[in-house]
1. So, in the stretch B:6-21, exactly how many residues are under 16 Å from B:SER65 (Cβ atoms) and either surrounded by fewer than 17 Cβ atoms within 10 Å (Cβ to Cβ) or without any contact (Cβ under 8 Å) to a residue 40 or more places away in the chain (or both)?
2. Mind listing whichever residues of the stretch B:42-56 are crowded, with 17+ Cβ neighbours inside 10 Å, free of Cβ contacts under 8 Å to residues at least 40 places away in the same chain and within 13 Å of the chain's Cα centre (by Cα)?
3. Say whether the condition of being under 17 Å from B:SER96 (Cα atoms), within 14 Å of another protein chain (Cβ to nearest Cβ) and under 15 Å from the mean Cα position of the chain (by Cα) is met by at least one residue in the stretch A:10-30.
4. Is the stretch B:98-109 home to any residue that is among the aliphatic types (A, V, I, L, M) and more than 25 Å from A:GLY105 (Cβ to Cβ)?
5. What do you reckon, is A:SER49 in contact (Cβ under 8 Å) with a residue 12 or more places away in the chain, closer than 21 Å to A:GLY16 by Cβ and either out of contact with any Cys (no Cβ under 8 Å at 6 or more places or on another chain) or within 13 Å of chain B (Cβ to nearest Cβ) (or both)?
6. Report, by residue number, each residue of the stretch A:1-52 that is of a type in the set (Val, Ile, Thr), under 24 Å from B:VAL102 (Cα atoms) and outside any loop (DSSP other than H, G, I, E, B).
7. So, in the stretch B:76-105, of the ones that are within 21 Å of A:SER93 (Cβ to Cβ) and of a type in the set (A, V, I, L, M), which residue ends up farthest from the other protein chains (Cβ to nearest Cβ)?
8. Which number in (1) outside any strand (DSSP E or B); (2) small (Gly, Ala, Ser); (3) touching a Pro at 6+ places or on another chain (Cβ under 8 Å) marks the one condition that B:GLY83 misses?
Amino acid sequence: DVKVTQSSRYLVKRTGEKVFLECVQDMDHENMFWYRQDPGLGLRLIYFSYDVKMKEKGDIPEGYSVSREKKERFSLILESASTNQTSMYLCASSLPTRKIGYTFGSGTRLTVV
Amino acid sequence: QQQVKQSPQSLIVQKGGIPIINCAYENTAFDYFPWYQQFPGKGPALLIAIRPDVSEKKEGRFTISFNKSAKQFSLHIMDSQPGDSATYFCAARRWSGGYQKVTFGTGTKLQVIP
């Protein structure tokens, strides 16, 4: 079964800490995405990548950065965590074809205290 | 312009009822409209999708109705079951710089009571 795996299910971090969220996919997908999910706001795109070492800002990139050194791995970095970054973070991957369909991971619930 | 507006935010129906979730968009550049289903503790999963040149698509008990002139589309769940209780997201895809970009609605939490 194809998978997108997020390294942590729950994380609690302190304000000001540098936080790494890891995502790995085993489908050889070129495209990878990071979303955050908040009640009433749906899924909002933070960053995406269409190839190794390539990254593009999404709709809400402020306070985040990403790294994609290998095709299967896409990392989201919170440079200095703040309480307003408490959220559910979802990683997704897809093929670059016209055929749509994201495969999502199960999410990481991050709490910043 | 890039938004997809979804309603209602939450919905409770009796088993066997037909919940309807509505979405509206403005940007005519959107060319594909998927729906995702998310169970608690899981990521969203693609449920069904439609292109704007089709007015209706059915897959099992799930039906998308699409009104291109009104820029609206909706999800109907026939003979709903407690196992359908989940959060549903509509979405819309457009192309930008050769890459596809997907905008999601705000989600509808559906509860089907026995």
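The values are calculated or read from the model by the stated rules, or taken from the named source; none is laboratory data. Here the structure is a predicted model, which means the values were calculated and not measured. Cβ atoms come from the backbone with ideal geometry, glycine included; neighbour counts cover every protein chain shown.
1. Result for the stretch B:6-21: 3.
2. B:ILE48, B:ALA49, B:ILE50
3. Yes, the conditions are met somewhere in the stretch A:10-30.
4. no
5. no
6. First, the residues of the stretch A:1-52 that are of a type in the set (Val, Ile, Thr): A:2, A:4-5, A:12, A:15, A:19, A:24, A:46, A:52.
From what is left, the residues that are under 24 Å from B:VAL102 (Cα atoms) are A:2, A:4-5, A:24, A:46, A:52.
Correct list: A:VAL4, A:THR5, A:VAL24, A:ILE46.
7. Among them, the one singled out is B:ALA92.
8. Of everything listed in (1) outside any strand (DSSP E or B); (2) small (Gly, Ala, Ser); (3) touching a Pro at 6+ places or on another chain (Cβ under 8 Å), B:GLY83 misses just condition (3).
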